[in-house]
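Engineer: Got a structure here, written out as structure tokens. Questions coming.
No value in this document is a laboratory result; all are computed from the given coordinates. No experiment lies behind these values; they were computed from the predicted model shown. Neighbour counts run over all protein chains shown; Cβ positions are idealised from the backbone, glycine included.
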Amino acid sequence: MNKEEILIIEDEAQIRKLLEILLESNDYKVWQALSGKEGIVLAANHPPDLILLDIGLPDRSGHEILKELRTWYNRPILMLSVQDKEEDIVSALDHGATDYITKPFRAAELLARIRSALRRSQPGPATACITCDDLQIDLAARTVKKNNEPVRLTSTEFNLLALFVKNEGRVLTHHYLLKEIWGPGFQTETQYLRVFVGSLRKKIEDNPNQPRHLITESRVGYRFI
Ligand code: CA
């Protein structure tokens, strides 16, 4: 089998080296670009399976590079961000980034995010019935079972759960969730989300205070796993 190829667009030599060692030892083929301009040229000449894109680049911001790549590149793009820059992360996710990881990152977490993004980018057979651990969700019949017991959800709760399930493993921003479920005009009503995520957790989690499925990504959004 051919190795999966990852393009790193990152100006910090130390981080590039670290990523190179980590990814090559996990059997990925690695390409490196030191600037946004170089990254776009490399990606266009030799489209990789996944791109790791730093937000803070010397020539152009990672946001601009992301927008440009997204006009033609539809494989996963993972943003590398420094901590406490949630607004950067939210903006990147809303403009088509697949996921993000904050620096300094843990190797195991980065590899898990990469595997998950690559897996999701290869769509399996479409199926209406999804089983996640103790949950069975039937998107066509709009029914949910937990440990084989039916769970009663309101229409909005089901719509929210279905959206999460269809984007399993992916962070969905507050803005995106509000727009998709409640429509344009509700994008800042984050208290709606808190209420509905809370009630959904009570119904689908063993312990709503320590959720295993519906995970909070602090100040960014939620992730269903
Ligand atoms: Ca940088």
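Engineer: Taking the Cα-to-Cβ direction at ASN45 and at ASP138 and moving 7 Å from each Cα, how far apart do the two end points lie in nm?
Structural biologist: So the label points at ASN45 and ASP138 sit 5.4 nm apart.
Engineer: Also: Would you mind calculating the relative contact order of the chain from Cα pairs under 8 angstrom and at least 6 residues apart, reporting the percent as a whole number?
Structural biologist: Numbers: 330 pairs, mean separation 29.0, N = 225.
After rounding, I find 13 percent.
Engineer: Share of antiparallel DSSP beta bridges in the chain, in percent to the nearest 5? Don't jump to the answer; show the numbers that get you there.
Structural biologist: Working: 18 of 36 bridges.
Around 50 percent antiparallel, to the nearest 5.
Engineer: Also, I was wondering about something else. What is the ratio of the Cα radius of gyration of the chain to 2.2 N^0.38 Å, with N the residue count, to two decimals? The partial results should precede the final answer.
Structural biologist: On the way: Rg = 18.6 Å, N = 225, 2.2 N^0.38 = 17.2 Å.
Ratio of Rg to 2.2 N^0.38 Å for the chain: 1.08.
Engineer: Contact order normalised by length for region 129-224, with contacts defined as Cα pairs under 8 Å and 6 or more residues apart; what percent is it? Walk me through the numbers on the way to the answer.
Structural biologist: Numbers: 117 pairs, mean separation 23.5, N = 96.
After rounding, I find 25 percent.
Engineer: How far is helix 36-45 tilted off the main Cα axis of the chain, in degrees rounded to 10, range 0 to 90?
Structural biologist: Around 80 degrees separate the two axes.
Engineer: Related question: At a Förster distance of 25 Å, what's the computed FRET efficiency of TRP72 paired with ARG119, Cβ-Cβ distance as r, to 0.05?
Structural biologist: Numbers: r = 22 Å, r/R0 = 0.90.
After rounding to 0.05, the efficiency reads 0.65.
Engineer: OK, next. Principal axes first, then extents: for the Cα atoms of region 5-121, list largest minus smallest coordinate on each axis, whole Å, largest first.
Structural biologist: Taking the Cα atoms of region 5-121, the three principal extents are 34, 31, 30 Å.
Engineer: Ok, one more. Return a whole-number percent for the relative contact order of region 5-121, with Cα pairs under 8 Å and 6 or more residues apart as the contact set. Let's see the in-between values first.
Structural biologist: Values: 178 pairs, mean separation 26.7, N = 117.
Normalised by residue count, the contact order of region 5-121 is 23 percent.
Engineer: Hey, which lysines would be in cross-link range of LYS29, C-alpha to C-alpha under 18 Å, not counting anything within fewer than 8 residues on its own chain?
Structural biologist: Partners found: LYS3, LYS17.
Engineer: Quickly work out the LYS17-to-THR156 label distance, labels modelled 7 Å from Cα along the C-beta direction, and quote it in nm with one decimal.
Structural biologist: Between THR156 and LYS17, the label points sit 5.3 nm apart.
Engineer: Would you mind giving the three semi-axes, in whole Å and largest first, of the ellipsoid equivalent to region 129-179 according to its Cα gyration tensor? Walk me through the intermediate numbers first.
Structural biologist: Working: eigenvalues 80, 32, 14 Å².
Equivalent ellipsoid semi-axes, largest first: 20, 13, 8 Å.
Engineer: Here's another thing I want to ask about it. Which aspartates and glutamates, if any, have their Cα less than 15 Å from the Cα of LYS85, not counting same-chain residues under 8 positions apart?
Structural biologist: ASP54, ASP94, ASP99, GLU217
Engineer: Taking a spot 7 Å from the Cα of GLU4 along the direction of its beta carbon, which residues of region 75-97 have an amide N less than 18 Å from it?
Structural biologist: Under cut-off, by backbone N: 75-80, 97.
Engineer: Sequence-distant or interchain residues sharing an amide H contact under 5 Å with GLU5, placed H: which?
Structural biologist: It is LYS29, ASP49, LEU50, by chain and number.
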